[in-house]
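A short worksheet on the structure shown next.
Coordinate-derived values only; no laboratory data. The structure presented is a predicted model; accordingly, all values stated were derived computationally and were not measured. Glycine gets a Cβ as well: all are built from the backbone with ideal geometry, and neighbour counts include every protein chain shown.
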Amino acid sequence: MSRQKQALGRWGERQAADYLAQRGYQILGRNLHGTYGEIDLLARHQAALVFIEVKTRTSARFGLPEEAITPAKQQHLIHSAEEYLQAHPELTGDWRIDVVSILRQPGGPPQILHFENAVQG
């Protein structure tokens, strides 16, 4: 991955974390690596543990950011969440996988969409 894409991804993750924190989410972790891939953000919202995939793009030319969550990516997210929960048995209760879509607009604020429970196993 190019440095430019990595920088955009890090920027998007910061935007998503700030957006979620303003809405009552407690950010517990960032960029958690596992066998199946990376969990961008881990948060607690009310009683639920929330695994969050962040997709950021600079334009919709090749589709909206959320459209990058393919069926294969969904399976990786589910496996990553399950692997994390197995490694952390102290984390009990409900959990879900959300997607935060960020479209970086030149000269304006980013367009942020939050899809709760977007990926279901």
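Some points to look at:
- Loop-resident sites, the stretch 35-121, for chymotrypsin sites (Phe, Trp or Tyr not before Pro), counting at most 14 other Cβ within 10 Å (DSSP): Phe62
- Here the sum of -39500 (n - 2.57) over DSSP H runs of 4 or more residues, divided by the residues of the chain, equals -10000 deg cm²/dmol at 222 nm, to the nearest 500.
- Segment Lys5-Asn31, extension gain: residue separation times 0.36 nm, minus the distance between their alpha carbons: 7.8 nm
- Dipole axis of the chain (+1 Lys, Arg; -1 Asp, Glu on Cβ), positive-most option in Phe51, Leu64, Pro106: Pro106
- To the nearest ten degrees, helix 71-87 and the longest principal axis of the Cα atoms of the chain are 40 degrees apart.
- Cα long-axis angle, helix 3-21 against the chain (0 to 90 degrees, to the nearest 10): 60 degrees
- Stretch in the chain that is longest and holds no trypsin sites (Lys or Arg not before Pro) that DSSP places in a loop and that have at most 12 other beta carbons within 10 Å: 62-121
- Based on Cα contacts under 8 Å between residues 6+ apart, the stretch 3-119 shows a relative contact order of 24 percent.
- DSSP finds beta bridges in the chain, and of those with both partners inside it, around 65 percent are antiparallel.
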